[in-house]
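The values are calculated or read from the model by the stated rules, or taken from the named source; none is laboratory data. Since we're looking at a predicted model, the values are computed, not measured. Every residue, glycine among them, receives a Cβ derived from its backbone with ideal geometry; neighbour counts consider all protein chains shown. SASA here: full protein model, heavy atoms, side chains in, ligands and nucleic acids out. Shrake-Rupley method; radii C 1.70, N 1.55, O 1.52, S 1.80 Å.
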Amino acid sequence: MTDATTTLAPAPVARRSHATLGRLVRAELRWIYRRPRTLVVLGLLAAIPVIVGIALTFVGSAGPGGGGGDGASLLATAAGNALVLPIATLAMALNLLLPLSAAMSGSDALAGETAHGTLRGWLLAPVSRGRLLLVKSLGVATFALSAVLVMAATGVLTGFVLNGTDGLVTLSGSTLSLPAALLKVAIAAGWVALQLWAIGAVALAISAWTEHPMVVLASVLGGVIVFSVLQLLDALEWLHPFLLNDSWLALGDVLRDPMPTGGLAEGALRAACYIVIALSIAYAKLSTKDG
Amino acid sequence: MSTSTTATDVVAPEGAATPAAALAAQTRGLRKLYGRTVAVDHVDLDVPEGAVLGMLGPNGSGKTTTIRMLLGLVRPTAGTVSLLGHAVPEHAGHALPDVGALVEGPGFHPFLSGRENLLRMAAAEPRLATGDIPHAVGEALERVGLAAAANRRYRGYSLGMKQRLGLAGALLVPRRMVVLDEPTNGLDPAGTREVRTIISELHAAGVTVLVSSHLLAEVEATCTHVAVLHAGSVVAQGELAELLESGSPALLVSTTDGTAAMEALRASRIPSRLAPEGVRVDLTACTPPEVIAALVHAGVDVHEARRARTGLEDLFARLTQEPDEEDGS
Amino acid sequence: MNPKKRAVTVAVAGTAAGAIGLGIMAMPAGAGEAPELPSVSAQELVESVLKADPPALSGNVAIDNDLGLPAMPGMAMLNVESARVYHDGDHASRIALEQNGSEVTLVQNGGTAWSYDAADNTATKTTLPENAERKHKAAGQDELADPSSAAATMLDYVRQSSTVAVDGTATVADRAAYELVLTPKPTERTLLREVRIAVDAENRLPLRMSVLTNGTTEPALQIGFTDIDFGPQPADLFEFSPPQGAEVTDSQPRNKPEQLPDKPAGEVTGEGWDSVYVGSVPPETLDRRPDSDGPDARGLLDQFGTRVQGEFGSGYVVSTKVGTALITDDGRFAVGAVPQQVLTEALGTR
């Protein structure tokens, strides 16, 4: 124990009533990316395009007629096409793995921190509830974006390694220049990130209601499954436009030339609506929640 | 909740509080319901500035809930809180930067080291300039004796080390008030002594300290003021010394002839009894001068007369157990 | 404001805003009110359609198929839900048929036509005989030398079996359109109730065709633009060079693409709405598998058809909302937009 008087002398520090947003976000990001779990998930996501690319090249295409989901048929054309591989693997991962990653991030952000008793530390500092939600949202959004970018990047690199920079052929049979192909991958990645932000926002909203991270993960997993099943039921067609995954098939449109924008724009708007709803509910809960 | 109604009846020594002193924190009519369960009811707590207030109470008496409401973590169902002159929780943002707190045990991330955990906590401290953070963290770690283990993962810390890290979090910034909820939980005797030292250092520097505990010896050793909670209500509060005296006012009289003294007092209708250390005179109905006068008048030799001090333990037992006994009868 | 109240306000406002946004997206596009248009007779409308040259355009065509077809394997081509159509206003066009996760692109520019299938990375180049185009044009010009008489001839023919009328207006792909309606005469024995064709009021381009059947309000089959933009299109849309690595085949134009090795031979009997196409295939065909891994045709018929017997012998009948098909065990078949009874009569007359 050291001398008390030195540390207890009144500090000549600006009498701010809150820490700067940038500092909080930096601390949040450091926390996210120092977490072993985060790195493991990013590593696994990065490995998917590599595995798929190698499998398609050396094992051969999945075979015609196997018209399963969107990802499967996109992948049928991915073998010889370095442009298709990143986008097809993103489309495939969007069905389950990427949503779960976003949900994990959202569950750690509030429920996990509450469970560890660490949220209290920031609330007492104090960080206002509104800023807390803002910082947490930015953290989840950054993680989701990094997950998508990591997949896109390894997808592009795997494509280059396996097939070189030639043969960047769209579904419409046109051949793209390298920058044009990278632009398409970037558009796809950005759009997938937006969908993940919507899922992350929903996860944050659930996260604000519970202190059990597993509840958040289970809810999002359940939601993804239920939404996919609902999409299959033609009798519920009126409901489909309200489901986030209604326009997920539109991701394949990025690979068409010229690119039809209708489905993508609709999907982006839908994601934005989900973000508005989820964040407003998250704010309402967090601002009245006991710390 | 039959005990809560009887408990309010026991608020006998309430007048001991000194309203003249400036208050660092004050609650009025504080009440918190969780569903239908009354966690805290009618809590009027005064924390004088510069005091070390020990909040005593058995587990479940509402200590932590009161502290959480005081810090704006929990919104009271009814009542008001004022912390360092600011209404809480409405303006908690103005008060909290000057308040350090360790509530409900230490909360840290297991995969980060002690230092990284504190760095993360410090990032949110308004009173710390960004450049000063590493220094402040280093100093706080030093202060609680964790400097050597600072770079080890929190996961591997012992219970005592975790508690110390929590304490370091409360001391990151020079504070006007420090709130410690069960700070010695899990600490060995040496650790407990260190916490006492820290509290007295804070006290010496003029910092108001609110420390909750169920360990009476700890409170008696470190506190200037005491508030006793029982079943969600404050049953007694005030300066420690006054409370101890008011607990059972009595005068101890040393004399050569105890029997004569007893007779003289009985004649003056002053209740008394023989105790090992002398004659114990009940002061509920009379004052010490009256007692001395009665004895001297009767020609009894009075060698020494002094106030009898009850231990905190006696007081605490009386305040918190009586209602149960009444219930039982 | 009381924090609880504020929280509730924020939650309600945010949820409402988001839900309204979702609701707007859920509203069917182009479900506007019927526009006010100057009235036009059926003959004038048909005439103007024949006269009009399709302008340069790009658009999305949606195919809504509620035929009640059984879901059969090997019918991937029918699985097209939408197509993007580009036209340069002259003689070049591009059609992209979107299938889930794949695409078939058809590019036609003058005498050259390309088709590219992304699913198996194959391109087919077809050189149209020069004279074919010229002949087509010449013939067209002959016929359409006088659009008004052509329209009259056409309408006369159609009116033998149908009532033709302009029945109000509609909004299709945000364009005002006339609705031309063909209704079968009561004597026609058909499953169809009417065929509606929406014609753009300005360009006189057919924008949508709907086939409605008896007993339903929703079209059994509808092909129409969901959005359309008129204006010049970039020229490179109509150029196609096969991508590196694609399997390219050159093909000579044929009158009809051969789907089956044993071409069914047959003829049309009857007239108007209750025409029936009657023909026969070698009976062995029924036992051949259309797909290497699929079930044979007889298996499919067992699964989706109904066993029937009559004067024609015995066979299977497959019914959909718009038509019926009957195939006998000895390989004779009849197909038409008619009830089953008309088919058995057609087979019986053979």
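Worth a mention:
- Efficiency of FRET between B:Leu252 and C:Met27 - r from beta-carbon atoms, R0 60 angstrom, step 0.05: 0.10
- Counting protein heavy atoms only, chain B has 51 percent of its accessible area on carbon and sulfur, 1.4 angstrom probe.
- Inter-chain shielding of A:124-136 (mean C-beta neighbours from other protein chains, 10 Å cut-off): 5
- Computed over chain B, the alpha-carbon pair-distance distribution with 20 angstrom bins reads 29, 48, 20, 4, each value a whole percent.
- log10 of Debye I(q)/I(0), alpha-carbon scatterers only, for segment A:93-188 at 0.10, 0.13, 0.23 Å⁻¹: -0.45, -0.63, -1.16
- All distinct Cα pairs of the protein assembly as shown go into the 1/r average, and the inverse of that average, the Kirkwood radius, is 35.6 Å.
- Distance from segment A:79-139 to segment B:177-254 (C-alpha centre basis), Å: 44 Å
- Packing around the peptides B:138-150, A:216-228, taken as the average count of other Cβ atoms within 10 Å per residue, puts them in this order, highest first: B:138-150, A:216-228.
- Leaving ligands and nucleic acids aside, the A/B contact buries around 3800 square angstrom of accessible area in total at a 1.4 Å probe radius.
- Working from label points 7 Å from Cα in the Cα-to-Cβ sense, the A:Ile51 to B:Arg307 distance is 7.7 nm.
- Average beta-carbon neighbours from other chains, 10 Å sphere, peptide A:257-263: 4
- Label-to-label distance for C:Ser41 and C:Ala17 is 5.8 nm, based on points extended 7 Å past Cα in the beta-carbon direction.
- Straight-line reach from C:Lys4: taking Cα to Cα under 13 Å and skipping same-chain neighbours fewer than 8 places apart, the aspartates and glutamates in range are A:Asp290, B:Glu90.
- For segment B:23-128, the fraction of alpha-carbon pairs lying more than 19 Å apart is 50 percent, rounded to a whole number.
- Distant alpha-carbon pairs in segment C:152-206 (separation over 18 angstrom), percent: 39 percent
- A simple count of charges around B:Gly232, restricted to other residues whose Cβ falls under 12 Å of its Cβ and scoring Lys, Arg +1 and Asp, Glu -1, yields +2.
- Straight-line cross-link partners of C:Lys125 among the aspartates and glutamates, defined as a Cα under 16 Å from its Cα and at least 8 positions apart when in the same chain: C:Asp117, C:Glu239, C:Glu247, C:Asp250.
- Once the 1.4 Å probe is applied to the protein heavy atoms, chain A comes out at 39 Å² accessible per residue.
- Per-peptide packing, taken as the mean over residues of other Cβ atoms within 10 Å, places B:58-67, A:198-207, A:97-106 in the sequence A:198-207, A:97-106, B:58-67 from highest down.
- Degrees, to the nearest 10: A:97-107 long Cα axis against longest axis of chain A: 10 degrees
- Distance from the C-alpha centroid of segment B:105-171 to that of segment C:83-100: 66 Å, rounded to the whole angstrom.
- Gain in span if fully extended, C:Thr112 to C:Asp156, counting 0.36 nm per residue against the direct Cα distance: 12.2 nm
- Above-threshold pairs, the threshold being 19 Å between Cα atoms, out of B:Lys32/B:Lys63; B:Lys32/B:Lys162; A:Lys136/A:Lys289: B:Lys32/B:Lys162
- Other residues lying with their Cβ under 15 Å from the Cβ of A:Pro213 contribute a combined charge of 0, Lys and Arg counting +1, Asp and Glu -1.
- Net length gained if the chain between C:Asp120 and C:Thr9 were fully extended (0.36 nm per residue, minus Cα distance): 34.5 nm
- Label-point separation, A:Ala186 to C:His91 (7 Å along Cα→Cβ), nm: 4.2 nm
- Within straight-line cross-link reach of C:Lys321, aspartates and glutamates at Cα separation under 15 Å, skipping those fewer than 8 residues along the same chain: C:Asp64, C:Asp66, C:Glu194, C:Glu218, C:Asp274
- Theoretical ellipticity at 222 nm over chain B - DSSP helices of four or more residues, -39500 (n - 2.57) apiece, nearest 500: -10500 deg cm²/dmol
- Protein accessible surface hidden between A and C, which excludes ligands and nucleic acids, total in Å², probe 1.4 Å: 2600 Å²
- Based on alpha carbons, the Rg and Dmax found for chain A are 21.8, 79 Å.
- Sorted largest first, the spans of the alpha carbon positions of segment B:148-229 along the three principal axes are 38, 26, 21 Å.
- Remark: mean inter-chain Cβ contacts per residue of A:279-291 equal 6, using a 10 Å Cβ-Cβ cutoff to other protein chain atoms.
- Dividing the Cα radius of gyration of segment A:157-289 by its Kirkwood radius returns 1.08 for Rg/Rh.
- Rounded to 0.05, the FRET efficiency of the B:Thr197 and B:Asn59 pair, given R0 = 25 Å and the Cβ-Cβ distance, is 0.45.
- Across chain A, the relative contact order, built from alpha-carbon pairs under 8 Å that are at least six residues apart, equals 24 percent.
- Among B:164-177, A:265-278, sorting by the average number of other beta carbon atoms lying within 10 angstrom of each residue, highest first, gives B:164-177, A:265-278.
- For the pair C:Thr217 and C:Asp302, a Förster radius of 41 Å applied to the C-beta separation gives a FRET efficiency near 0.80, rounded to the nearest 0.05.
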